[in-house]
Every structure is written in C-alpha cells, then in structure tokens.
Amino acid sequence: MAIPDCTAYTEGSTVLFVPRASLEGGRSPVFFNKRGCLTRDISVLLARRTKVDTFLDVMCGLGARGLRVANEARAERIVLNDINPDAIALAYLSARENNLTGVEFQSEGANALLALGDYREGYDTVDLDPYGTPAPFVSNAVLSTRSGGV
C-alpha cells in the first residue's frame, strides 16, 4: 500500500492527511469532500452532547468524521473502516499525528463488517456515509447500533 501525495489539512482542531488531488476535487486515490465540514461539525457536536463512547465510521475514507469525533468529542472507542487500504493508511497517519488512542482500523466491505455486528453489543453511533445510496447498508447499520443509539 502506497501513501498518496498528501498534505496536512486542519478541520476543527483535528489534523488530517489529505491527498492533494482530493483537495482539488478529485476522488482518487482517496475521496475527501472538504465541503462536508459542516456535517462533520454537526457529528462532533452530537457526539459531545450525547456522550458517545463507541463510534463506527463504516466507510470512513481518510477518516475525517471518526477522527474528529475521537479528537474533539473524546469518544472512547472509534472504529474506522474502509475497503481502500490507502484510505486506512491515511487515517492511521492522522490518528498518530493527533495522538489519538482508542482508534481501531479495519479494511472490510461495509456490509460484511456490519453483518458481523460488534462483539461488544453494537455501537452508540454508526456513521453510514457512502458515495451513492445508503439503501444496501441500512438494515445492517441499524442492527449494529445499540438500543438508543444513532
């Protein structure tokens, strides 16, 4: 797995390593939508307000949402998953740069990961943000969310 040409990009108080091509609107080698900052801000506020302990970012890309929840909302356990190994490599670098603990990295297909559920009885929050329709993943995402979770 090769780390793509990237740059440090700060969003909120979290440093993210983002491919230069993604900042210019490209989707390869790892997709990052800088215009999605507001939705990630809302996720951080929600995680702070509801005291999220466990957060699953099912298709994390370079991990912006999950890493921000770990760093800015202090969630105890974050699972970042993406089938693209370059995305996971960047998420790992960003987690290390922010001195984050409690972050786990996986590279599974979304439905495979969700169908397995979590051996710790689900997650407080399951973030499902696919490029395209979420319909194929919704059932398993709901099953992976703890009772009362989001």
| note | Summing -39500 (n - 2.57) over every DSSP H run of at least 4 residues in the chain and dividing by its residue count gives a helix-only mean residue ellipticity at 222 nm, to the nearest 500 deg cm²/dmol, of -10000 deg cm²/dmol
| field | Solvent-accessible area per residue, Å², over the stretch 7-46 with all protein chains present [probe radius 1.4 Å] | value | 56 Å²
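Percentage of Cα-Cα pair distances in the chain greater than 29 Å, rounded to whole percent?
9 percent
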| request: Quantify, in whole percent, the carbon and sulfur part of the accessible surface of the chain (1.4 Å probe; protein heavy atoms only). | output: 53 percent
| Cβ charges +1 (Lys, Arg) and -1 (Asp, Glu), total dipole of the stretch 12-150, debye | 400 debye
| query | Once you put a point 7 Å from the Cα of Ser139 and another 7 Å from the Cα of Glu104, both along the Cβ direction, what distance in nm separates them? | reply | 2.4 nm
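Say a site is exposed when it is one of the chymotrypsin sites (Phe, Trp or Tyr not before Pro), sits in a DSSP loop, and has at most 12 other Cβ atoms within 10 Å; what is then the longest site-free stretch of the chain?
Details: sites that count: Tyr119, Tyr131.
It works out to 1-118.
Which longest uninterrupted range of the chain lacks any GluC sites (Glu not before Pro) assigned by DSSP to a loop state (not H, G, I, E or B) and surrounded by at most 15 other Cβ atoms within 10 Å?
Formally, the longest exposed-site-free interval is 25-75.
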| remark: per DSSP, antiparallel bridges as share of beta bridges in the chain, % nearest 5, sits at 35 percent
| request: Note down the accessible area of Arg40, probe 1.4 Å, to the nearest 10 Å². | output: 20 Å²
| note | Stretched fully, the stretch from Asn111 through Arg20 gains (0.36 nm per residue minus C-alpha distance, one decimal, in nm) 29.8 nm
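Once fully extended, how much extra length lies between Ser147 and Thr10, figured as 0.36 nm per residue of separation less the alpha-carbon to alpha-carbon distance?
Working: separation 137, 0.36 × 137 = 49.32 nm, distance 3.37 nm.
Length difference between fully extended and current span is 46.0 nm.
The values are calculated or read from the model by the stated rules, or taken from the named source; none is laboratory data. Bear in mind that the values here come from a model prediction, so they are computed numbers and not experimental data. Because the Cβ atoms are built from the backbone with ideal geometry, glycine has one as well, and the counts that use them run over all protein chains shown. Remember, those area values only see protein heavy atoms, side chains included, never the ligands or the DNA or RNA. Shrake-Rupley method; radii C 1.70, N 1.55, O 1.52, S 1.80 Å.
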